[in-house]
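Structure, as structure tokens:
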Amino acid sequence: MEHSVFRAKLVASLSTGLLLFTSALLHGEVNRLEVTERETLLHPDVSFSYELIRGVVHFTLDPSDSVNEMITDLAYAPRNSAGLVEYSADFKLLIPSQDIANGGLLYMVNNRGRGATAPEISLKDPLAGLGFTYLLTGWINEIAPGDGLLRLHAPIVSSVTGPITGDVRYEVIVSSQSNDLNIAGGRHLAYEPTEEGLEEAVLSQRLYQTDPRVPIERAGFDLEIDSKPDSNQPLVTLSLQGGFKPGYIYELIYEAMNPVLAGAGMAGIRDLVSLIRYEGKGSTILEEFNLPNIDHTVAYGFSQSGRLLRQYLYDGFNADLDKRIVFDGVVPFIAGSGYGMFNNRFAMPTRTSGHHSNYLYPTDLFPFTYGESTDPYTGRTDGVLKKARQSNTVPKLMHIQTSNEYWVRGGSLPHTNPDGTEDAELPSEVRFYTIGGSQHGSGNGRPRPATTGQLPRNPNLWNPIGMSLVVRMFEWVAMGKEPPASRYPRIADDTLVPSHIDGAINRDAWNRLSFVTHPSAIYRPMHSNYGSRWDEERVIEQHPYYSDHFYGALVPAVDSDNNDFEVSTILPPTTLVPLATFTPWNLRAPATGAEKSLARLSGGYIPFAIDTVTALQARDPRNSVSGLYTSFADYLAKYEAATDQKIEEGFLLPGFKEVYMDIARSNQSVFE
């Protein structure tokens, strides 16, 4: 990763005096911005610069304002003398020099407190010179304090009679023998047990999700509660006599107290972006930042952050306090079918449902589609954009995911009916893009040995395609320039198919290879019962132990080499001109336990045999390298043509071409 070669830094501390910009009037619920650090990003090879500003933004919320009614438990949050609820969030703002400022704000939803924008990665990044202003804010309260982490600082909610209590559920899974585990996951905090909850906590273990739970006696495990400075949530450590076994699912349930106002994170996004967009240079709060005029706003986020954007829209946050649109464009990446525990009582934003872990958490819920559909289990009709349509704040939207999301995150459901029997109609504001032959997280294009999976991880590089589409989104909302047509697998043309038929792998989804173990199932979201208060109040009254109300998740069909089809997916050059099968799934390695389960968010890599003789010896029916290419020069020419094709189609900025060509050049040894 190339970094700017010079950073001029100004750090303000309490001892030297914090830089405070305050207004006597409330502006969109933003009270003041407290600056703690300023840097100038420079590079000798470019003529422009960026100023990077870090700090804390202070907000208030009015519980009596109907625009805030979607925030769970706002009525129970503490109020100041004016009757308003106070909270704050860390922020990071990157402002381009005036010579390149383009009037666009890109809001990046950080993932678990972390996120790097193009100018921070390198001022030579193809996006850096386009002149976007970038903004990130903390939106998760459960993140532990740490250098550079963007956090939400939300208040605890309570009733007039005392603390709010309720049962909470945590899952712990390890990949190697260990003990003394943070129940909330690395760098995350949990909820404080009540006295009774600590005494009567219940722990069970099972190897697979469908196995019966085996209770562990209370005397066999300990819970240690440690408070953390600058946080109102504690670190809770679980210790088990004899230690935790790899792959086993340990489920802990106890009565907790003191939930936080988690939905304030989305309110903070709404209110700060609205202030920058509509107040801009006229705001006394913002006058010291010398911001360019912001005419258009686009939000994007990856994985957890993409799920947050779906929740943000579904809950109605894209209308600001004056009922104006906040984001013109929204780009959720690799969100699959999910939302998250982002705006409920005892929220756990880091939880992500999967084939082996977190299966019964309320994260992948109906509605899945952006247009309206009907839940076969409840009869309810709804859609992600329903509230935005009612408030006339529907943004342009690009749902971008990899083929991995179909196997491990129910990725077909946002573009089919819930039964998985018909394609859904996409609203006119929505584009849907499936990046084929790729796993959840973008690789660097270069394969590595297997580690936690039975296959080497899928190395496909797709992030440049994703960020190129973010630029296409801006062009769509700012200039009216239509982006490429949607490209995703469909039931109607047989490019979207069941993964298994009668318990056996579907040959349209995978052609058997004798030397590869294929999955026995995929992850399928389900309808679960969280009690009578969930739908209206987002309060879990009961934690489900099981559900067989599965929705109809499907997967992309594959070609004879087990690679995705170009007609139904956007194939990066490394898959369009392949030297291997790039699987969208992987299985857990035996050493990590539960080897029948899908590896978390991972794909696989299966190299082609070098020639036909080698393929026959391995009983490998796929193409060989020599069967596809006459020489390295032939391969390189086809690869470059495929890269140019992606540029011509509008899926890749020209500035990213050399990144892909470097990958191709590194493959010369395959032909030697």
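Taking only protein heavy atoms and a 1.4 Å probe, what accessible area per residue, in Å², does the range 30-86 have with all protein chains in place?
Heavy-atom accessible area per residue stands at 41 Å².
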Quiz item: List the lysines whose alpha-carbon lies under 19 Å from that of Lys657, not counting same-chain residues fewer than 8 positions away?
Solution: Lys124, Lys638, Lys646
Quiz item: Tell me, what HN-Hα J-couplings in whole Hz come from the Karplus equation 6.51 cos²θ - 1.76 cosθ + 1.60 at θ = phi - 60° for each residue of the range 95-104, using x for Gly and Pro?
Solution: 10, x, 5, 4, 5, 10, 3, 10, x, x
Quiz item: For the chain, which whole-number percentage of the solvent-accessible area (1.4 Å probe, protein heavy atoms only) is attributable to carbon and sulfur atoms?
Solution: 50
Exercise. Using only the Cα atoms of the chain, build the gyration tensor, take square roots of its eigenvalues as a ≥ b ≥ c, and label the shape rounded, prolate or oblate: rounded if a/c is under 1.5, else prolate if a/b is larger than b/c, else oblate.
Key: oblate
Exercise. Read phi for every residue in the range 551-557 and hand back ³J(HN,Hα) as whole Hz from Karplus 6.51 cos²θ - 1.76 cosθ + 1.60, θ = phi - 60°, with x for Gly and Pro.
Key: 8, x, 6, 10, 9, x, 6
Quiz item: Around Leu652, with a cut-off of 13 angstrom between Cβ atoms, what is the net charge of the other residues, counting Lys and Arg +1 and Asp and Glu -1?
Solution: -2
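What Kirkwood radius, in Å to one decimal, follows from the Cα pairs of the range 319-418?
14.7
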Quiz item: Quick one: what do you get for the range 57-177 if you divide its Cα Rg by 2.2 N^0.38 Å?
Solution: 1.41
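Suppose R0 equals 41 Å; then what is the FRET efficiency for Val214 and Val659 from their Cβ-Cβ distance, rounded to the nearest 0.05?
Given R0 = 41 Å and the Cβ-Cβ separation, E is 0.25.
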Self-check item: Simple Cβ-charge dipole of the chain, Lys/Arg +1 and Asp/Glu -1, about Cα centre, in debye nearest 20
Solution: 900
Self-check item: Space enclosed by the convex hull of the alpha-carbon atoms of the range 485-640, per residue, Å³
Solution: 178
Quiz item: How would you order 58-71, 135-148, 352-365 from highest to lowest mean count of nearby Cβ atoms within 10 Å?
Solution: 352-365, 135-148, 58-71
Quiz prompt | Phi to ³J(HN,Hα) by Karplus 6.51 cos²θ - 1.76 cosθ + 1.60 over the range 41-56, Hz, x for Gly, Pro | solution = 9, 10, 8, x, 8, 10, 8, 9, 9, 10, 9, 9, 10, 10, x, 10
Quiz prompt | Relative packing of 284-297, 210-223, which averages over residues the other C-beta atoms within 10 Å, highest first | solution = 284-297, 210-223
Practice problem: Taking H placed 1.01 Å from N in the peptide plane, check which residues at least 5 places from Gly604 or on another chain put their amide H under 5 Å from its amide H. | Solution: Asn458, Thr583, Trp585
Quiz item: So what's the net charge close to Ser175: Lys and Arg +1, Asp and Glu -1, counting the other residues with Cβ under 13 Å from its Cβ?
Solution: +2
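The values are calculated or read from the model by the stated rules, or taken from the named source; none is laboratory data. Just so it is clear, the model here is predicted, and its values are computed rather than measured. Note: ideal-geometry Cβ built from the backbone for every residue, glycine included; neighbour counts use all protein chains shown. Side chains included, ligands, DNA and RNA excluded: accessible areas come from the protein's heavy atoms. Shrake-Rupley method; radii C 1.70, N 1.55, O 1.52, S 1.80 Å.
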